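Structure first, commentary second.
The values are calculated or read from the model by the stated rules, or taken from the named source; none is laboratory data. Predicted model, so just to flag it, every value in this text is computed and none were measured. Methodologically, a virtual Cβ is constructed for each residue, glycine included, from the backbone with ideal geometry; neighbour enumeration extends over all protein chains shown. All accessible areas refer to the heavy atoms of the entire protein, side chains included, with ligands and DNA or RNA removed. Shrake-Rupley method; radii C 1.70, N 1.55, O 1.52, S 1.80 Å.
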Amino acid sequence: MLIAGQKPDQYQMTAIKSNKNTLLIAAAGSGKTFTILGKIIYLTTVLNIKPENILVISFTNKSVADLKKKISLPVDIFTFHKLALNILKTNKINYSIAPDDLLEYITKEYFYSLANEKLKLKILKYYHYYTYEEFLSSSAFSGLQKIITTFIHLYKTNAKTITDIKTLFPCDKLIMTLISQIFFIYQKELRSTNAQDFDDLIITATKYADNYKSYQYIIIDEFQDTSLIRWNLVNKIRLVNKAKIFAVGDDYQSIFKFSGCDINIFLNFTFLVEDAIILKLKYTYRNSQELIDIASRFIRRNKAQIEKQLLSPKHLKKPLKISYFGQKRTSLLKLLHKVLTYEDILVLGRNNFDLKNYLPPNYPFTQEGFYYKAKFIRYLTVHSAKGLEADCVIVINLENNLYGFPNQLANPQLIDLLQAKETNIMYAEERRLFYVALTRTRNEVYLLVPWRNKSIFVKEIKKYI
């Protein structure tokens with residue numbers, strides 16, 4: 001069997017032919033999309049399943065577009081939200097989509113129009129400000145708004161109910177009072193305009209999923225990034241149609257917990273789905289074996305994950321290099337001068353604003369990158385680089401500070417309570433993010449590191465080089 005002119009390896013072929021509900025562990029560079037394509041070809045040509053009876057779900061519009069380019073058959077390929085919209089349309093449910101910033105607007109308006117003087121005094125006492133106007137112009141107010149909007153989003157994507165707010169989280173009465181009131185106003189505004197936010201779309205679609213298309217096979221890409229309400233939707237479709245499920249992902253690369261993704265759905269797949277098996281792609285074709293060995297030792301410090309052994313036909317003597325600097329502003333250009341022979345160079349940062357700190361003052365750059373000696377150098381955050389690769393990768397902002405790598409901004413207790421616990425090790429999600437950064441390269445990865453105040457991840461990974 002050939003897929004796009006290539007023969008699958010033995011592990012890819014086993015996954016393609018699997019006739020059970022399957023969780024496929026597909027590490028970075030192991031041919032995940034190639035195997036999904038092979039699965040669809042096998043289902044349609046060998047098992048004679050009609051393309052319209054196959055549902056493929058991915059998480060971003062970009063990944064859906066990439067899959068559509070590679071899959072020429074009339075298979076339904078959707079994001080979760082597009083799937084939800086189609087279900088509501090099929091069931092003739094009238095709705096409008098709420099503006100993306102509606103919750104942020106309502107939260108801000110709530111505080112600026114607050115007339116309850118007793119509540120104002122409680123806020124001032126809690127945050128140690130003398131006047132309410134002073135509080136509204138403070139960073140504490142900005143932080144509070146972020147806590148509230150994040151909490152409400154995670155609250156909905158984790159399928160909680162309005163009655164859970166006070167009973168589940170009594171640890172901070174003032175903040176919970178504020179959240180309860182803003183949540184009530186937000187939901188009331190949605191109902192009054194017959195609007196749905198993105199979480200509501202999925203929750204509502206789940207109620208009507210038994211009256212939708214008939215599918216025999218459901219394929220989910222990037223399954224490690226599933227949230228509870230997304231899983232409830234796809235599982236409802238699976239159960240109604242008695243469909244087989246083929247979930248593909250890598251728990252080592254689960255990096256979107258902040259948006260409600262729950263790695264425990266991935267880890268507990270065989271408990272959630274009957275007659276389910278776990279298969280693993282053993283070969284990776286992007287990274288060298290030497291880099292895989294280093295990255296694997298690093299990520300295995302996280303205990304709540306599925307053990308895997310990866311092999312590569314590629315070999316490089318020193319694929320991971322640490323480049324120390326004294327002057328941050330000139331360090332990146334100096335390193336680029338050494339690696340400029342690579343055709344495709346990707347610079348990765350922890351935050352959107354990292355790049356400007358590593359370029360000389362007034363050096364021209366855009367959100368996408370910059371030019372150095374007539375060559376365009378791409379810049380992305382590690383979150384944005386998920387699924388991408390380059391000939392050479394440079395990782396910046398490897399500093400030991402609040403916004404460094406690992407990012408040390410601790411979630412408030414209320415947010416942590418909403419998210420599933422997975423491990424006792426510090427920075428588990430940041431560790432996975434660093435693993436993603438290391439595995440974007442086809443050749444070498446350079447860590448740009450200050451002589452002083454270096455990242456704890458750098459101190460650790462030096463032991464493995």
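Dimensions of the chain along the principal axes, based on C-alpha atoms and rounded to the nearest Å, stand at 70, 62, 41, largest first. The share of C-alpha pairs in the stretch 273-429 whose separation exceeds 18 Å stands at 69 percent. For T381, nonlocal amide neighbours, meaning residues 5 or more places apart or on other chains whose placed amide H falls under 5 Å from its own, are G349. For Y372, the residues 5 or more places off, or on other chains, whose built amide H falls under 5 Å of its own are I377.
Rounded to the nearest Hz, the phi-derived 3J(HN,Hα) couplings of the stretch 234-240 under the Karplus curve 6.51 cos²θ - 1.76 cosθ + 1.60 (θ = phi - 60°) are 5, 5, 4, 4, 4, 5, 4, where x marks glycine and proline.
Considering all different alpha carbon pairs of the stretch 210-294, the Kirkwood hydrodynamic radius works out to 14.4 Å. Note that the stretch 78-93 has calculated 3J(HN,Hα) couplings of 9, 7, 4, 6, 5, 4, 4, 4, 5, 5, 5, 5, 4, 8, 6, 8 Hz, one per residue in order, obtained from phi through the Karplus relation 6.51 cos²θ - 1.76 cosθ + 1.60 (θ = phi - 60°); glycine and proline are x.
If you roll a 1.4 Å probe over the heavy atoms of the protein chains, what accessible area per residue do you get for the stretch 207-261, in Å²?
33
Separation of the stretch 203-233 and the stretch 356-383, taken as the distance between their Cα centroids, equals 39 angstrom. Going toward the positive end of the dipole of the chain, with +1 on Lys and Arg Cβ and -1 on Asp and Glu Cβ, which of T107, T22, T439 do you reach last? The one lying farthest along the dipole's positive direction is T439. Maximal additional length on extending the D101-I465 stretch stands at 126.5 nm, based on 0.36 nm per residue less the C-alpha distance.
3J(HN,Hα) along the stretch 106-113, derived from phi through the Karplus expression 6.51 cos²θ - 1.76 cosθ + 1.60 where θ = phi - 60°, amounts to 5, 4, 5, 4, 4, 6, 6, 9 Hz, with x in place of Gly and Pro. When the alpha carbon coordinates of the stretch 353-396 are projected onto the principal axes, the ranges are 31, 23, 15 Å, largest first. Each Lys and Arg Cβ is given +1 and each Asp and Glu Cβ -1; about its Cα centre, the stretch 261-319 then shows a dipole of about 540 debye. Just the protein heavy atoms count here, and of the accessible area of the chain at 1.4 Å, carbon and sulfur take up 53 percent. Projected over every direction and averaged, the convex hull enclosing the alpha-carbon atoms of the stretch 72-119 yields 5.9 nm². Each Lys and Arg Cβ is given +1 and each Asp and Glu Cβ -1; about its Cα centre, the chain then shows a dipole of about 1120 debye.
Could you tell me which GluC sites (Glu not before Pro) in the stretch 207-296 are loop residues by DSSP with no more than 16 other beta carbons within 10 angstrom of their beta carbon? Write out the running numbers ahead of the final one.
Working: sites: E222, E274, E290; in loops: E222, E274.
Filter output for the stretch 207-296: E274.
One way to sum up the overall shape of the stretch 1-121 is the equivalent ellipsoid from its Cα gyration tensor, whose semi-axes run 45, 19, 12 Å, largest first.
Cross-link reach is defined here as a Cα-Cα straight distance under 21 Å, omitting same-chain residues fewer than 8 places apart; for K122 the lysines meeting it are K108, K146, K166, K173.
Exposed loop positions in the chain were taken to be trypsin sites (Lys or Arg not before Pro) whose DSSP state is not H, G, I, E or B and which have at most 11 other beta-carbon atoms within 10 angstrom. Between these positions, the longest stretch is 93-241.
Sum -39500 (n - 2.57) across every DSSP H segment of at least 4 residues in the chain, then divide by the residue count to get the 222 nm mean residue ellipticity, nearest 500.
Working: 19 runs with 193 residues, N = 465.
It lands at -12000 deg cm²/dmol.
Could you list the chymotrypsin sites (Phe, Trp or Tyr not before Pro) in the stretch 70-142 that lie in coil according to DSSP, counting only those with at most 16 other Cβ atoms within 10 Å of their Cβ?
Qualifying residues, ordered by number: Y95, Y130.
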